[in-house]
């Protein structure tokens, strides 16, 4: 898959800024991002506790607006990995992972949802979030439409499945599961979502996903994250997916000429990360997908692809 451009959107910072949701105002060129900012890595087995920030970034890359919109008020509570869906009325739905602690202090993630009225004027704190605990712990809450959501439950049964549910009047009802193939090399251990699907037709969407494989490097087993592409097919209230065998981005796409990492990993002892929570088709560029890619749980790169190439062999 040809990469058209790679650009660091937060250059020259020492903090980790990654896993950003993105949207674009109607009638304007600037982009909005909500992302994580982490000062230091968490201990082994612990989440990287940080804050959520809102950024408005001009077409030339200048940060026009920057604001802390959420920070943990109590130890052991964290919000992570926002995924934003723009609705036709300029409202936003943002899927999140809310991490809590059980009685023994173990971090447990749950899907959570925030609804924002009229993103065209919103520059405030994050509104209260709704935790969806009906189906147990899970991550990667991804809005599909104003009432339909996907997420990956934490149980091993869902390492290669997503759960779909509807939400009306704050009552979550399961619609079904979406099974994924288990023979994709770059997603052999686990799969998950990135941004909401791009609907090519009313029933077929381009679905950018992430996969994790286990690899032994210098005698130590590590988690290797990659990004791939799929087609999400919706038939009334049932879903299925077709996944392409080759990834579109791997950690090896972010190496210097000497083979060393372009970005130092936040957790080099345990993983190599290429991940994403957001992408956008900018105004005036209908065939270009700008995908905002977390590299190393450290920083965010804009990586551009041809939408036509991403759809190749998936859509007629």
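Each value in this text was obtained by applying a stated rule to the coordinates, not by laboratory testing. Because the structure is predicted, anything quoted here is derived from the model rather than measured. Positions of Cβ are backbone-derived with ideal geometry, glycine not excepted, and every protein chain shown enters the neighbour counts.
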For segment 223-300, alpha-carbon Rg over 2.2 N^0.38 Å: 1.34
Burial ordering of 68, 263, fewest other beta-carbon atoms within 10 Å first: 68, 263
Gain upon complete extension [residue 256, residue 282; 0.36 nm per residue less C-alpha separation]: 6.5 nm
Ranked 173, 302, criterion: other C-beta atoms within 10 Å, fewest first: 173, 302
Pairwise FRET efficiency - residue 246 versus residue 8, Cβ, R0 = 25 Å, nearest 0.05: 0.50
Separation in nanometres of the label points that stand 7 Å from Cα toward Cβ, at residue 203 and residue 77: 4.4
Centre separation in Å (Cα based) which lies between segment 45-89 and segment 160-188: 25
Within a Gaussian network of the chain (alpha carbon springs, distance under 10 Å), most fluctuating of 153, 82, 127: 127
Helix-only [θ]222 nm of the chain, DSSP H runs n ≥ 4, -39500 (n - 2.57) each, per residue, nearest 500: -500 deg cm²/dmol
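Taking 0.36 nm per residue of separation and subtracting the Cα-Cα distance, what length does fully extending residue 223 through residue 43 add?
Once the chain is fully extended between residue 223 and residue 43, it gains 63.2 nm.
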FRET efficiency estimate (nearest 0.05) - Cβ-Cβ, residue 177 to residue 316, R0 22 angstrom: 0.25
Overall Cα dimensions of segment 18-113, principal axis frame, Å, largest first: 50, 28, 20
Structure-derived percent of Cα pairs over 30 Å apart - corresponding label in (1) 35; (2) 56; (3) 28: (3)
Label-point gap, in nm, between residue 236 and residue 64 - each point 7 angstrom along Cα→Cβ: 4.6
Proxy reagent accessibility, fewest Cβ within 10 Å first, across 254, 129: 129, 254
Gain in span if fully extended, residue 130 to residue 215, counting 0.36 nm per residue against the direct Cα distance: 26.9 nm
